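Read the structure below first, then the notes.
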2 protein chains.
Amino acid sequence: MLKSPYLLFLGDAQDALTAKVAQGIKDWRPEFCVGQLRLPGCKADLGLKDMTIAEARAAGAETLVVGAANRGGVISQSWMASLVEAAEAGMDIASGLHNRLTAQKPLVAAAERAGVGLFDVRIPQEEYPIADGKRRSGKRCLAVGTDCSVGKMYTALAMERDMRDRGIKASFRATGQTGILITGSGVPLDAVVADFMAGAVEHLTPDNDADHWDLIEGQGSLFHPSFSGVTMALIHGGQPDALVLCHEPTRTHMRGLPHYGLPSLEALRDVSLDMARIVNPDVKVIGISVNTAALAAGAAQTCLQEIEARMGLPTVDPFRDGAGRLIDALG
Amino acid sequence: MLKSPYLLFLGDAQDALTAKVAQGIKDWRPEFCVGQLRLPGCKADLGLKDMTIAEARAAGAETLVVGAANRGGVISQSWMASLVEAAEAGMDIASGLHNRLTAQKPLVAAAERAGVGLFDVRIPQEEYPIADGKRRSGKRCLAVGTDCSVGKMYTALAMERDMRDRGIKASFRATGQTGILITGSGVPLDAVVADFMAGAVEHLTPDNDADHWDLIEGQGSLFHPSFSGVTMALIHGGQPDALVLCHEPTRTHMRGLPHYGLPSLEALRDVSLDMARIVNPDVKVIGISVNTAALAAGAAQTCLQEIEARMGLPTVDPFRDGAGRLIDALG
């Protein structure tokens with residue numbers, strides 16, 4: 001559980017895409033962000049106030065979040081002086097990159113001296129139980145995809161935002177490092193040991209008020225051979241009441257696997273329901289979320305209408321249209 | 001990869017069941033076993049020659065395998081003197097118990113002095129890749145179950161034995177600690193990190209001769225909410241050509257989950273085929289293995305005949321009848 005508010009560290013990000021984690025935090029949790037810290041040469045800009053570490057600390061920042069990646073997705077040595085300074089100033093440090101904060105000796109020493117925490121959010125921070133499959137109170141919605149990286153996280157975050165706008169109790173539940181950094185907590189499911197995956201998801205989505213919805217971030221796809229086991233654990237650990245099918249209509253093959261075509265939305269619907277009914281006989285597919293970023297506005301509308309007519313389910317691009325129709329369909 | 005032959009350590013096992021791992025090794029790999037070591041009070045007996053550590057070493061034993069569990073499935077402190085003596089005599093030590101050999105300080109010190117290895121087979125010993133789903137040469141058969149602990153390991157071991165008796169190239173591929181101790185190698189799949197589960201199974205069942213069969217040990221069940229993700233990774237990493245459905249006909253609920261009933265064999269067949277076809281469009285269910293240990297001989301025969309008539313697939317209890325009809329069905 002990360003302490004907010006954050007100073008977003010953009011490092012020497014070469015473009016906006018390199019700072020997409022920071023952008024995600026700013027988009028979805030602006031109230032967590034007191035400012036941004038950019039090193040010389042940084043080409044990303046979130047439009048937040050540029051701050052030194054001392055200024056951020058004075059403004060109340062509790063955690064410096066590494067919101068950029070260099071080539072290779074690792075912590076750059078050129079960032080180390082800033083990270084050490086932040087620790088010495090009393091800030092926790094959080095990162096979702098591949099190499100660990102806790103493996104950087106100068107940083108570990110500084111953190112120990114200052115009594116601050118180093119949070120590698122790719123690494124599970126807790127021991128999780130083995131799943132027991134018992135029905136829990138409250139409601140849960142899970143995004144499942146025809147592939148990896150088709151907008152499952154975005155869909156769940158957009159639903160949470162729009163539900164809160166309507167006064168509905170809703171919590172996005174992060175299962176990957178970007179989601180964890182955005183919301184400050186969650187389970188890095190792809191790093192959990194196999195036996196405890198479903199238990200970690202149960203732990204993440206506990207008993208709640210009868211009218212509360214968890215919006216669970218999906219991972220992988222039942223149709224993606226590399227990661228389908230993680231998806232399976234999400235379905236059985238999450239015991240969803242509602243499923244949203246997520247799709248990217250221009251994808252020609254499964255991500256990273258040129259020899260695998262994508263499944264149909266019908267196949268995704270059928271197998272997801274079959275598997276989810278094992279833990280929740282009342283589960284329903286309530287709608288479809290299509291990432292139409294690669295299509296022009298007219299083509300996107302046509303695509304959404306075609307899918308809606310074919311599948312008989314509310315079909316939206318939550319980025320273009322908001323998630324309102326999905327929320328209506330939750331019932 | 002454990003070095004054979006083994007001295008089977010039974011400790012102070014209170015009954016035969018407590019020494020079931022040792023019994024499994026003796027049943028399936030008798031050629032690996034030079035003798036047994038029993039402490040005072042041991043009530044298990046494999047019918048092997050009782051040996052001291054010095055005698056076993058003189059007879060060529062390379063590894064002492066802890067083949068019993070005490071209450072709680074942990075290494076007993078009363079065994080430590082024997083384990084230290086074996087290490088000092090130049091034997092590796094292997095265990096599948098919950099607490100680690102490598103966490104026992106006197107044993108670690110003795111192993112270092114003697115230059116021998118300590119193998120905790122519950123702990124992955126390698127780094128596994130992310131699965132790429134590419135088709136591999138050779139053939140693979142996977143046992144899938146209506147539940148955990150319905151005879152999947154036994155079925156695969158019996159098929160391997162009977163195939164080798166017929167001169168067919170066949171390799172049992174262990175995915176759990178008992179199977180690893182029996183055959184000396186494998187992947188402890190339930191302890192592998194989520195992202196690498198399917199890759200570990202690919203690594204375990206690599207390209208092989210076109211007429212070679214891997215008999216892959218199953219784990220969990222797609223219908224068991226606690227462990228279904230592990231099963232999913234086995235199906236997609238194993239890319240089976242053949243599936244064997246495994247079942248225990250007297251089970252009234254899923255193992256450890258009194259609130260979950262068992263699926264039908266039809267449901268297991270259909271969902272297993274749906275998921276396996278993603279990685280291998282030619283996959284077939286070739287037969288059914290029923291663990292009838294809880295039934296008298298007549299009732300067992302009736303049960304097998306009923307299932308065979310209903311499902312239209314060869315149905316055997318490999319413990320009572322051998323695995324011959326399953327092998328015939330591999331084609």
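The values are calculated or read from the model by the stated rules, or taken from the named source; none is laboratory data. The model shown is predicted, which means the values in this text are computed figures rather than measured ones. Because the Cβ atoms are built from the backbone with ideal geometry, glycine has one as well, and the counts that use them run over all protein chains shown. The accessibility values were calculated without ligands, DNA or RNA, using every heavy atom of the protein model including side chains. Shrake-Rupley method; radii C 1.70, N 1.55, O 1.52, S 1.80 Å.
Order A:Ser272, A:Ser4, most accessible first, counting only protein heavy atoms with a 1.4 angstrom probe.
A:Ser4, A:Ser272
Percent antiparallel among DSSP beta bridges with both residues in chain A, to the nearest 5?
About 5 percent, rounded to the nearest 5.
Using 0.36 nm per residue of separation minus the Cα-Cα distance, give me the extension gain between B:Val74 and B:Ala297 in nm, one decimal.
Working it through step by step, the gained length comes to 76.6 nm.
Ignoring ligands, DNA and RNA, what accessible area per residue does chain A give at 1.4 Å, in Å²?
About 39 Å² of surface per residue is accessible.
Once you sort the root eigenvalues of the Cα gyration tensor of chain A as a ≥ b ≥ c, which label holds: rounded (a/c under 1.5), prolate (a/b larger than b/c) or oblate (the other case)?
Here chain A falls in the prolate category.
Could you tell me the total accessible area buried at the A-B interface, probe 1.4 Å, in square angstrom to the nearest hundred?
For chain A against chain B, roughly 2600 Å² becomes buried.
Explain nothing, just the number: dipole magnitude of the range B:1-116 about its Cα centre with +1 on each Lys and Arg Cβ and -1 on each Asp and Glu Cβ, in debye rounded to the nearest 20.
The calculation lands at about 240 debye.
How big is the antiparallel share of DSSP beta bridges in the range B:139-329, given as a percent to the nearest 5?
Close to 5 percent.
What is the range A:8-123 by shape, rounded, prolate or oblate, if you read a ≥ b ≥ c off the alpha carbon gyration tensor as root eigenvalues and call it rounded for a/c under 1.5, prolate for a/b larger than b/c, and oblate otherwise?
Taking the square roots of the gyration eigenvalues as a ≥ b ≥ c, the range A:8-123 is oblate.
Excluding same-chain residues fewer than 8 positions from A:Lys134, which lysines have a Cα within less than 27 Å of its Cα?
Answer for A:Lys134, where 27 Å is the Cα cut-off: A:Lys152, A:Lys169, A:Lys284, B:Lys152, listed by chain and number.
May I ask for the net charge around A:Leu304, where only other residues with Cβ less than 14 Å from the Cβ of A:Leu304 are counted and Lys, Arg are +1 while Asp, Glu are -1?
My count for the surroundings of A:Leu304 gives -2.
Scan around A:Cys33 for amide H atoms under 5 Å from its own, H built in the peptide plane at 1.01 Å from N, and keep only partners 5 or more places away or cross-chain.
Amide H neighbours of A:Cys33: A:Tyr6.
Just to make sure I understand: if all protein chains stay in place, what is the order of A:Arg251, A:Arg135, A:Arg71 by accessible area at 1.4 Å, largest first?
A:Arg71, A:Arg135, A:Arg251
Once the other residues with Cβ under 15 Å from the Cβ of B:Leu37 are scored (Lys, Arg +1; Asp, Glu -1), what is the net sum?
-3
Whenever you get a sec, line up A:Phe9, B:Phe223 from highest to lowest accessible area (probe 1.4 Å, protein heavy atoms).
Highest to lowest solvent-accessible surface, that is B:Phe223, A:Phe9.
I'd like the antiparallel share, as a percent to the nearest 5, of DSSP beta bridges with both residues in the protein assembly as shown.
Antiparallel bridges make up about 5 percent of those DSSP assigns within the protein assembly as shown.
Using only the Cα atoms of the protein assembly as shown, build the gyration tensor, take square roots of its eigenvalues as a ≥ b ≥ c, and label the shape rounded, prolate or oblate: rounded if a/c is under 1.5, else prolate if a/b is larger than b/c, else oblate.
Because a/c hits 1.5 or more and a/b fails to exceed b/c, the protein assembly as shown counts as oblate.
By a straight-distance test (C-alpha under 16 Å), which lysines pair with B:Lys3 as possible cross-link partners, with residues fewer than eight away in the same chain excluded?
B:Lys26
How about the range B:273-321: which of its residues lose at least 40 Å² of accessible area in the presence of all protein chains relative to their chain isolated, using a 1.4 Å probe?
Buried-area filter returns B:Met275, B:Ile278.
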